[in-house]
Each structure stands twice: as C-alpha cells, then as structure tokens.
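As structure tokens, the structure follows; a few thoughts come after it.
The values are calculated or read from the model by the stated rules, or taken from the named source; none is laboratory data. Note that the coordinates shown come from a computational prediction; the quantities given were computed from them, not determined experimentally. Positions of Cβ are backbone-derived with ideal geometry, glycine not excepted, and every protein chain shown enters the neighbour counts. When the accessible area is computed, the model is the full protein with side chains, heavy atoms only, and any ligands, DNA or RNA have been set aside. Shrake-Rupley method; radii C 1.70, N 1.55, O 1.52, S 1.80 Å.
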Amino acid sequence: MEKINLKALHKITYGLYVVCSKSGGKANGQIANAIFQITSEPPTIAISINKKNLTHELIEKSKVFTISVLSEETPMTLIGTFGFKCGRDINKITGVNCKNGISKIPIVLEYSIAYIEAEVFNSVDVGTHTIFIGRVIDCDIIDDKKPMTYDYYHKVKGGLSPKTAPTYIANDKNKKMEEEKMDKYVCTVCGWIYDPEKGDPDGNIKPGTKFEDIPDDWVCPVCGAAKSDFEKM
Ligand code: FE
C-alpha cells in the first residue's frame with residue numbers, strides 16, 4: 001500500500017460528549033467524540049465506543065444509552081473524570097449533577113447544553129470499537145451555550161496554546177521574567193498544563209513550586225498520569 005497521510009483524518013470535525021449507560025445497578029459514563037445523527041425520520045443516532053470501556057459493556061447489556069452535549073465552559077476536571085479515568089476503578093457518576101432518563105440511565109446535566117436518550121436497534125462490530133445505532137426516545141435542550149468542539153478542547157481547554165487562555169496576561173515585566181524562569185509542563189496524556197505560578201493546590205503543591213521540585217509520586221490532577229509523563233513546554 002502506498003504511504004498515506006493519516007493527518008487528513010484530523011481535519012474531520014467532532015464535538016465532545018458524555019455517553020452514559022447502566023446495567024444491573026452499575027452506571028457509568030465516558031467521553032466520546034464520534035457521534036452522529038443518521039436519519040431524521042425516525043430520528044436515529046450512532047456512537048462509536050471502544051470495546052475495552054465499561055460503558056461498552058453496559059450498553060451491550062442494557063441496549064440503552066444517553067448522550068450529553070458538553071458546553072465550551074466544561075472544565076478539564078470533568079473531562080478528566082469521564083475521559084481518562086476508568087469506571088471500573090471509580091464511580092464517575094457520584095458527585096456529578098445527573099438526572100435519570102426514561103430508561104433510568106443517568107444523563108449528565110453538568111456543563112451540558114442538550115441531551116439525547118436512545119435505544120439500540122442495531123450495532124456494527126468494527127474491530128476495536130462497536131458502532132451502536134440507536135432510535136432517539138427522548139432529547140431536549142438544557143441551555144443555549146455553545147457546544148464544545150474537539151478542536152476547541154485541544155486548542156483552548158487543553159491549553160496547548162496558553163496565549164489563548166483568558167488567564168494569560170503578559171502585563172508586568174517582572175512577572176514575565178519570573179514565568180520564563182519557571183517552566184510550564186504539559187501532561188502528554190490529557191493535555192493539562194502545570195503552571196508553577198498556580199501550583200496544584202488539590203494535590204498539595206503550593207503556588208510558586210517549580211515542576212522540578214514536585215515529589216515524584218505526584219500525579220496529573222486530571223488524568224492521573226505520572227510526573228514522568230509530563231513534558232516541558
Ligand atoms: Fe493528565
């Protein structure tokens with residue numbers, strides 16, 4: 001096969017969603033981006049879910065799932081909980097504002113602008129993933145904020161371009177010099193940025209702590225990756 005440029009696939013646009021399901025009393029949710037409407041009459045929707053995920057197992061058993069459309073304001077911590085932690089280790093639903101759908105599946109309401117509930121009527125095995133095709137049984141708008149796109153998540157929320165972050169103001173010369181001395185580090189797993197000026201108060205790292213001075217057993221507050229998974233920016 002001729003060498004092909006897979007980067008072309010990165011030009012496809014996506015959103016960012018939480019997909020939830022529940023079976024036998026166990027509920028779980030995960031971040032998904034591969035979601036699309038298939039038909040309008042009747043309204044049907046498809047989602048592509050990795051077979052390794054707990055949510056996959058739950059959808060396979062219960063044949064129902066819910067989708068919450070996340071807003072641009074969704075914090076990295078929420079995306080981190082649903083996107084980088086495993087529902088087999090922690091209960092992701094606890095502590096998150098949810099309601100139960102018609103089929104008693106949780107619907108995440110936090111930072112969600114709309115939700116869709118669907119009943120699986122077909123599925124396609126595509127190797128690593130299964131495409132679940134569902135008939136929409138309920139859906140509604142929660143609020144009118146802007147939906148988060150995958151591109152926005154990478155560029156702004158992931159902070160890979162810190163200058164686009166609203167908190168970035170290079171106003172003071174001294175502050176700028178200080179920033180240059182203390183490097184920022186990015187998590188290669190989830191894109192979260194360690195800013196020495198802010199530290200990581202939840203992880204007991206005081207503001208003003210250099211990345212080099214953080215204890216080795218410290219982990220990324222968003223995805224739980226090790227300190228060694230961080231790269232200097
Ligand atoms: Fe991380």
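Laid out as a table, the results:
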| quantity | calculated |
| --- | --- |
| 5 angstrom amide H check on Val219, placed H, neighbours 5+ away | none |
| Cα shape, the stretch 74-127, gyration tensor, a/c 1.5 rule | oblate |
| Positive-end extreme of charge dipole, the chain - chosen from Ile93, Val108, Asn33 (charges on Cβ) | Asn33 |
| Theoretical FRET efficiency, 1/(1+(r/R0)^6), r = Cβ-Cβ of Lys104 and Asn204, R0 41 Å, to 0.05 | 0.60 |
| Under the Karplus curve 6.51 cos²θ - 1.76 cosθ + 1.60, θ = phi - 60°, whole-Hz ³J(HN,Hα) for the stretch 117-125, x wherever Gly or Pro sits | 10, 9, 10, 5, 10, 7, 8, 10, 7 |
| Residue-averaged [θ]222 nm for the chain, counting only DSSP H segments that reach four residues, each worth -39500 (n - 2.57) | -3500 deg cm²/dmol |
| Prolate/oblate/rounded label for the stretch 12-137 (Cα gyration tensor, a/c 1.5) | rounded |
| Cα shape, the stretch 24-74, gyration tensor, a/c 1.5 rule | oblate |
| Rounded accessible area of His154 (nearest 10 Å², 1.4 Å probe) | 80 |
| Whole-number Å³ per residue for the convex hull built on Cα positions in the chain | 164 |
| Estimated dipole of the stretch 46-149 in Debye, rounded to 20 [Cβ of Lys and Arg +1, of Asp and Glu -1, Cα centre] | 380 |
| Cross-link table Lys11/Lys145; Lys11/Lys104; Lys26/Lys210; Lys51/Lys184; Lys63/Lys92, entries beyond 30 Å C-alpha to C-alpha | Lys11/Lys104; Lys26/Lys210; Lys51/Lys184 |
